[in-house]
Amino acid sequence: MSKIQEAVTEEISPEEYRERRLQGWPAKAAAIIGIILALFVLITSSYLNIQEFYRNTIFLILIIVLGFFIYPMNKKKPGQKFSYLDLGLAVLGIISIGYITLNYTNLHVERMSQASTLDYIFAVVCIAVLFEITRRSIGWFIPILSVLAMIYAVYGAYFPIDFAHSGFSLERLLYRIYMTSNGIFGSTLSIASTYIVLFILFGAFLSASGASKLFNDLALAIAGQRRGGPAQVAVITSALTGTLNGSAVANVATTGAFTIPLMKSIGLKPRFAAGVEAAASTGGMIMPPIMGAAAFIMAGFLGVPYTVIVVAGIIPALLYYIALIFAVDTEAKKLGLKGLSKDNIPAVKAVLLERGALLIPILVVFAVLLTGRTAIMAGFAGIIAAIITSYLTRDKSNRITITKFFAALNDGARGSVQVAIACASVGIIIAVVSMSGVGSMLAYNVIDIAGGNLFLILLMVMATCIVLSFGLPSTALYIVVAVTAAPALVQAGITPLAAHFFVFYFGAMSNVTPPVALAAYTGAGIANSDPMKTSWTALRLALPGFIIPFIIAYDPILLLDTTEGPIDYFRLLIVIITALIGVYALAVGLGKFVKTRLNIVEQIAMIAVAFLLITTDTMMDVIGIILFVAVMMIHYARSRKKVETSDGAY
């Protein structure tokens, strides 16, 4: 391990995306606010019974104040100091949200929901402050989209007939957004203030216990000696890290600092190494139990227990990572790469003996969920298990002391800011969608344009997700398409769970979809490679996994959904087998290599196999499998002949 560790420590870890480098009293103040925020979530999710609206407003005040501390005015200047302007905006956030917190009962009980001019003034201030912190932490896209949504709500009568509505007064819109639980302080913020932050805290405590080191060593022990071993180590490490980390960017930053230098050390190009890590970390967004925080929102939208979402996500996530391993292995074969020396790889048994106890918290979370308990209970159990198991390892530095306990609270709170702000801001869009009925209108028009053809409908929804991904982070993207595009899929006959998984999946893929591919850009920073070329490489590696949501849409059996009846396990096996063949065919077709380099006909045939195996049509499956077998036989015969005629040289 010494040579590997030396190679890794030579690399410079990337700075946190957009975050300000705080020093002095602002750093201490931000830490105190972060700890208060984390404790508030823990207490209100367990012992303190507080009305949902008040919990959300207090939570958002803390989030906004913390956000103004850690995100600078200019994202390109992380060294920018905390200023009076930042302080003033934070105070405006406190006053504007605090106003509705103190006057909510008075407004709806004593004044019979009759808003005053002062109410509307504070509504405008609150929205303006929210837009500014959203711009700082996420970018311009959500504020612009929210403003467009508000314009549509007020001037709906002037839009094309297919999307027109009678329109609402600005006062009514502000009332809905600011003074009710159907806007900023609505369901998405409720989910953020409970489930999402709780599981982000769980991830922070698990990381504090040394789980990240366990995942790296375990992945290295399992896959290090395999062909292109470090690339496969990156895939496995990111998959394991994805179980506790809801952010693809953070996943790249933490695991990539170890895996990218490792991949470069065996001869992989920097952009490919960064692309592998970005694609692997993106898969963490669909890996149970956290699934990038959007899983909690999906459970809320569908009105199903969170356990249903976790169980549904297992097979698709495994298929995605298997597809990625196929793509990585294809590249390793093409380049003739070998694995790492056995001397540089730890033994699985030794890793498990040293840190294996740190896997217990993840097992505890799954166990609690599978026993039918709530996600909140599972999150609490996971945190407690992480603290206890940190004392069961041989390495004393893993123990969560009082200092590390508060540090984990602060880390979890900071990691919650972006997703919480996104949930609050997108509440404006949700309010407009529910008021105007644009979701139903969009669903009708999509189906009408596609002529009722399911494949075209799926392509149009996928394209919508990809276009929106240019400016929206994955969780916010899922929320937007869940209330706009998902109804089109449901209306086309797809089950609600499959429809939401389809848009959720492509929401997660926004992390590797150019031109805004944050996970790929983060990996490029570590690898010193071109960001745009890295994002295209990451997309190519992830593409074999793109057929998985299509398979889910055609046959939701992969989600283990029992709402439509008992599961036919024989049919499930058939669907898994055809899915594996499909993702393998697409991986080698795009990678242009199996035994030797594929010719153009073989490439096209392999890609065709993947598309043939998407649907549940038996005839299409049979044709796809026959074509796959035929291409493989022809290719192996051609490669043998090539070896014989070239005396073993390709």
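In table form, for the structure just shown:
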item	result
Any hit, the stretch 123-132, residues being open to solvent by 50 Å² or more (accessible area, probe 1.4 Å), touching a helix residue (DSSP H, G or I) at 6+ places or on another chain (Cβ under 9 Å) and not polar (S, T, N, Q)	yes
Flag for residue 447 being assigned to a helix (DSSP H, G or I), closer than 30 Å to residue 167 by Cα, hydrophobic (A, V, I, L, M, F, W, C) and within 20 Å of the chain's Cα centre (by Cα)	no
Every residue from the stretch 182-219 that is surrounded by 24 or more Cβ atoms within 10 Å (Cβ to Cβ), in contact with a Gly (Cβ under 8 Å, 6 or more places away or on another chain) and either of a type in the set (Ser, Thr, Tyr) or at pLDDT below 80 (or both)	188, 195
Number of the exception - residue 109 against (1) at pLDDT 90 or above; (2) in a helix (DSSP H, G or I)	(1)
Positions within the stretch 315-353 being open to solvent by 30 Å² or more (accessible area, probe 1.4 Å), at pLDDT below 85 and among the β-branched types (Val, Ile, Thr), in sequence order	348
Those helices (runs of 4 or more DSSP H) lying entirely in the stretch 508-599 with at least 2 residues open to solvent by 40 Å² or more (accessible area, probe 1.4 Å)	518-527, 531-542, 569-591
Qualifying residue in the stretch 135-156 (condition: in a helix (DSSP H, G or I), closer than 18 Å to residue 65 by Cα and open to solvent by 20 Å² or more (accessible area, probe 1.4 Å))	yes
Every residue from the stretch 244-258 that is hydroxyl-bearing (Ser, Thr, Tyr) and either surrounded by fewer than 23 Cβ atoms within 10 Å (Cβ to Cβ) or at pLDDT 75 or above (or both)	254, 255
Residues located in the stretch 30-65, provided they are aliphatic (A, V, I, L, M) and either touching a Gly at 6+ places or on another chain (Cβ under 6 Å) or open to solvent by 70 Å² or more (accessible area, probe 1.4 Å) (or both)	32, 36, 38, 43, 48, 64
Helices (runs of 4 or more DSSP H) (entirely within the stretch 170-214) containing at least 1 residues that are free of Cβ contacts under 8 Å to residues at least 60 places away in the same chain	170-178
Which listed residue, of 357, 386, 408, is closer than 14 Å to residue 214 by Cα, open to solvent by less than 70 Å² (accessible area, probe 1.4 Å) and under 26 Å from the mean Cα position of the chain (by Cα)	386
Number of the condition not met by residue 425 [criteria: (1) among the polar types (S, T, N, Q); (2) at pLDDT below 85; (3) under 21 Å from the mean Cα position of the chain (by Cα)]	(2)
Answer residue from the stretch 360-383, given it is of a type in the set (Val, Ile, Thr) and over 27 Å from residue 137 (Cβ atoms) and is surrounded by the most Cβ atoms within 10 Å (Cβ to Cβ) among those	365
Single condition residue 334 does not satisfy, out of (1) assigned to a loop (DSSP other than H, G, I, E, B); (2) in contact with a strand residue (DSSP E or B) (Cβ under 7 Å, 6 or more places away or on another chain); (3) of a type in the set (Lys, Arg)	(1)
Subset of the stretch 559-592 that is modelled with pLDDT under 90 and among the hydroxyl-bearing types (Ser, Thr, Tyr) - its residue that is nearest to residue 619 (Cα to Cα)	569
The one condition in (1) touching a residue at least 60 places away in the same chain (Cβ under 8 Å); (2) open to solvent by less than 50 Å² (accessible area, probe 1.4 Å) that residue 237 fails to fulfil	(1)
Residues located in the stretch 296-314, provided they are part of a helix (DSSP H, G or I) and either open to solvent by 30 Å² or more (accessible area, probe 1.4 Å) or among the hydroxyl-bearing types (Ser, Thr, Tyr) (or both)	300, 301, 302, 306, 307, 308, 311, 314
Only one of 463, 482 that is within 23 Å of residue 519 (Cα to Cα) and either open to solvent by 40 Å² or more (accessible area, probe 1.4 Å) or not in a helix (DSSP H, G or I) (or both)	463
Qualifying residue in the stretch 421-433 (condition: in a helix (DSSP H, G or I) and open to solvent by 50 Å² or more (accessible area, probe 1.4 Å))	no
Residue in the stretch 4-27 that is modelled with pLDDT of 90 or more and open to solvent by 90 Å² or more (accessible area, probe 1.4 Å) present	no
Unmet criterion (only one of (1) out of contact with any Ser or Thr (no Cβ under 9 Å at 6 or more places or on another chain); (2) within 20 Å of residue 405 (Cα to Cα); (3) touching a residue at least 60 places away in the same chain (Cβ under 8 Å)) for residue 37	(1)
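For (1) of a type outside the set (Gly, Ala, Ser); (2) farther than 18 Å from residue 542 by Cβ; (3) assigned to a loop (DSSP other than H, G, I, E, B), each residue gets a yes or a no:
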position: 320; (1), (2), (3): yes, no, no
position: 323; (1), (2), (3): no, no, no
position: 326; (1), (2), (3): yes, no, no
position: 330; (1), (2), (3): yes, no, no
position: 352; (1), (2), (3): yes, yes, no
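The values are calculated or read from the model by the stated rules, or taken from the named source; none is laboratory data. Keep in mind that this is a model prediction, so the values were computed, not measured. Cβ sites come from the backbone with ideal geometry, for glycine too, and all protein chains shown count toward neighbours. Ligands, DNA and RNA are stripped out before the accessible areas are found, and what is left, the full protein with its side chains, is counted by its heavy atoms. Shrake-Rupley method; radii C 1.70, N 1.55, O 1.52, S 1.80 Å.
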